Amino acid sequence: MQKMLADSLGKHGIVAFSAVGQPFDPNVHEALMQEDSDKPPGTVVSEMARGYKLHDRLVRPAAVVVARPRAATRPAQEAAASPTPAPSPKDEQ
């Protein structure tokens, strides 16, 4: 049944596309969440819903889960990005 629907849509120029393994592209993907992964950050690791195009025009973006670095590497990156705290008045005495 699903194949029949896909074939019927295909006759009119509507095609489904897969996003798994591709770099995240906000023009054709909708990020639903991020997930720790060994894949490079910004890579689509799973797909919640397929995307569809009518010829070259986007009909529905693919709903995807995007990779982020594992938790073990994130604290060092967050610490480097966070500003240093201002000294408190007690520290100056």
Check: Filter the stretch 52-73 for residues that are of a type in the set (Gly, Ala, Ser) and at pLDDT below 95; which is farthest from His12 (Cα to Cα)?
Finding: Ala72
Check: When both residues are 6+ apart or on different chains and their Cβ atoms are under 9 Å apart, which pairs have a first residue that lies in the stretch 7-18 and is surrounded by 10 or more Cβ atoms within 10 Å (Cβ to Cβ), and a second that is at pLDDT below 90 and part of a strand (DSSP E or B)?
Finding: none
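Of everything in the stretch 22-41, what is loosely packed, with under 13 Cβ neighbours inside 10 Å, assigned to a loop (DSSP other than H, G, I, E, B), touching a residue at least 24 places away in the same chain (Cβ under 8 Å) and under 12 Å from the mean Cα position of the chain (by Cα)? Give them in sequence order.
Asn27, Pro40
The values are calculated or read from the model by the stated rules, or taken from the named source; none is laboratory data. In this text, all values refer to a predicted model and were calculated from it rather than measured experimentally. A quick note on method: Cβ atoms are made from the backbone with ideal geometry, for glycine too, and the neighbour counts reach across all protein chains shown.
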